[in-house]
1. Along Cα→Cβ, 7 Å out, is where each label goes; now give me the distance between the ones at THR57 and GLN143 in nm to one decimal.
2. Could you pull the accessible area for TRP89 with a 1.4 Å probe, rounded to 10 Å²?
3. Students often get this wrong: which residues of the range 44-73 have the backbone nitrogen under 19 Å from the point 7 angstrom along Cα-to-C-beta of ALA91?
4. Apply the a/c threshold of 1.5 to the C-alpha gyration tensor of the range 82-169 and tell me whether it is rounded, prolate or oblate.
5. Rounded to the nearest 0.05, what FRET efficiency do LYS31 and THR65 give with R0 = 25 Å and r taken as the Cβ-Cβ distance? Could you check?
6. LYS192 to LYS44: FRET efficiency via 1/(1 + (r/R0)^6), r the Cβ-Cβ distance, R0 41 Å, to the nearest 0.05?
7. Per residue, what accessible area does the range 71-196 have, given a 1.4 Å probe and all protein chains present, in Å²?
8. Keeping every protein chain in place, order GLU190, GLU166 by accessible area at 1.4 Å, biggest value first, i.e. largest first.
Amino acid sequence: MRTILILSALAIATPLQADEMDGFTPLFDGKTLEGWTFIVKPDKEGKRADPKDTWSTADGIIRCTGKPNGCMVTKKEYADYVLKVKWRWPAEGKGGNSGVLIHVQDEKYWPTSIEAQMLIGRAGDLLLTNPPDARLEVDKTRQDPKLERCFRRIETKESIEKKLGEWNEMEATCRGGDIALVVNGFKVNEGKNGNLRSGRIALQSEGAEVHFKDIVIKSLK
């Protein structure tokens, strides 16, 4: 079994300034993808593309082409934490689909986990990727009628997602089996008593170019 990481206050190189960290530890050093591994969907012949063709870094940013489908996953497991991730869609594009996978359990390109959705227009939805292996108690009134394992975000009167080309921030608080999501300062979703309470963390490649930066985590232990 993998050892669940208890986070320390070790300083790691990051684009963020020290006074902005507030107890958080970077998962991305701003230069390399050290500490991450990759799961890529195989083609019809069972071959897997080189992850370097999908994921790259420059200027403190992770660039994902979106093709093929898959994810980049932390090598270590985490439990009881606050995770922050910034993402944006290229200004010249149309947006698309991606997400943060929480409590990743296996090596599938669509792994058993709980997804904090970043789909344009629906950022903050909660998605159970492989129920019943992934379970979570979520307000049933927000269950997507077209996809039962998807739970729509709490609606607000504000337009919470940024324009194409601008940075959004997802904050996920995971404690025990509970998960709460905040997007750009608005609490948008929560689930209780989930059966997944620890695991790896992943960022998705799901069809469209997307950029990530300032991926940081803070232990709640």
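The values are calculated or read from the model by the stated rules, or taken from the named source; none is laboratory data. This is a predicted model, so every value here is computed, not measured. With ideal geometry, Cβ positions are generated from the backbone for all residues, glycine too; neighbour counts draw on all protein chains shown. Remember, those area values only see protein heavy atoms, side chains included, never the ligands or the DNA or RNA. Shrake-Rupley method; radii C 1.70, N 1.55, O 1.52, S 1.80 Å.
1. With each label placed 7 Å out from Cα toward Cβ, I get 4.2 nm.
2. 10 Å²
3. Under 19 Å, as judged by backbone N against the label point of ALA91, lie 58-64 of the range 44-73.
4. On the way: a/c = 2.04, a/b = 1.38, b/c = 1.48.
Oblate, because a/c is 1.5 or more while a/b does not exceed b/c.
5. Values: r = 19 Å, r/R0 = 0.77.
Result of the calculation: an efficiency of 0.85.
6. Numbers: r = 41 Å, r/R0 = 0.99.
According to the calculation, E is roughly 0.50.
7. Numbers: 5740 Å² over 126 residues.
Normalised by residue count, the accessible surface of the range 71-196 is 46 Å².
8. Values: GLU190 65, GLU166 85 Å².
The residues order as GLU166, GLU190, largest area first.
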